[in-house]
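Colleague: Okay, handing you the structure first.
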Amino acid sequence: QVQLVESGGGLVQPGGSLRLSCAASRSIFSIYYMGWYRQAPGNQRELVASITSGGRTNYVDSVKGRFTISRDNAKNTIYLQMNSVKPEDTAVYYCNAVYSFRDFWGQGTQVTVSS
């Protein structure tokens with residue numbers, strides 16, 4: 001079992017920055033894949049960024065150059081640094097971990113980009 005708790009969401013102005021955190025209930029050293037997803041009202045949940053235990057990252061095209069995913073194995077936490085945010089980044093952001101052939105999800109954190 002892996003419990004995931006997201007934090008760091010909130011209201012931010014266009015062009016601003018925000019950092020999301022996802023704390024895991026167990027060591028993430030052995031978790032090969034972790035990622036951030038988002039879901040806006042009326043839309044399907046989509047992958048935003050992912051990172052492997054080896055540090056390989058992947059981003060959806062719409063956030064490339066603006067968002068950075070990272071992981072701190074010592075703190076059992078992954079992060080999503082969001083820079084130059086846009087109104088279309090508004091969504092609930094979810095943390096995901098794939099461990100022992102199972103998907104685990106956090107409860108989500110709301111990010112609203114508005115002036």
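The values are calculated or read from the model by the stated rules, or taken from the named source; none is laboratory data. Because the structure is predicted, anything quoted here is derived from the model rather than measured. Backbone-built Cβ (ideal geometry, glycine too); neighbour counts: all protein chains shown. Side chains are part of the model used for accessible areas, which takes the heavy atoms of the whole protein and leaves out ligands, DNA and RNA. Shrake-Rupley method; radii C 1.70, N 1.55, O 1.52, S 1.80 Å.
Colleague: State which residue is nearest to P14 (Cα to Cα) when the search covers only segment 51-64 and only residues that are in contact (Cβ under 8 Å) with a residue 12 or more places away in the chain and of a type outside the set (S, T, N, Q).
Modeller: Once the filter is applied, the top-ranked residue is V63.
Rundown of residues vs (1) modelled with pLDDT of 95 or more; (2) under 13 Å from A23 (Cβ atoms), yes/no style:
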residue	(1), (2)
N73	no, yes
Q81	yes, no
D89	yes, no
Y93	yes, no
Q107	yes, yes
T112	yes, no
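Quick grid of which residues meet (1) outside any loop (DSSP other than H, G, I, E, B); (2) closer than 24 Å to A74 by Cβ; (3) under 11 Å from the mean Cα position of the chain (by Cα); (4) not polar (S, T, N, Q):
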| position | (1), (2), (3), (4) |
| --- | --- |
| Q1 | no, yes, no, no |
| L11 | yes, no, no, yes |
| P14 | no, no, no, yes |
| R19 | yes, yes, yes, yes |
| S27 | no, yes, no, no |
| S30 | no, yes, no, no |
| M34 | yes, yes, yes, yes |
| R38 | yes, no, yes, yes |
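Colleague: How do the pairs read when you match residues in segment 39-50 that are exposed (fewer than 15 other Cβ atoms within 10 Å of the Cβ) with residues anywhere that are among the polar types (S, T, N, Q), using Cβ under 8 Å and keeping only pairs 6 or more apart or on different chains?
Modeller: A40/T90; E46/Q39; L47/N58
Colleague: Which pairs do you get when a residue that is farther than 25 Å from S53 by Cα and of a type outside the set (K, R), found in segment 78-99, comes within reach of a residue that is modelled with pLDDT of 95 or more and in a strand (DSSP E or B), reach meaning Cβ atoms under 6 angstrom, with the pair 6+ apart or on two chains?
Modeller: Every condition considered, the pairs that remain are V85/V12; V85/V113; P87/V113; D89/V113; T90/T112; T90/V113; A91/R38; A91/Q39.
Colleague: Output the strands (runs of 3 or more DSSP E) that fall wholly within segment 57-115 and possess 1 or more residues being open to solvent by less than 70 Å² (accessible area, probe 1.4 Å) and under 19 Å from N43 (Cα atoms), or say none.
Modeller: Fully inside segment 57-115 and qualifying: 57-59, 91-99, 109-113.
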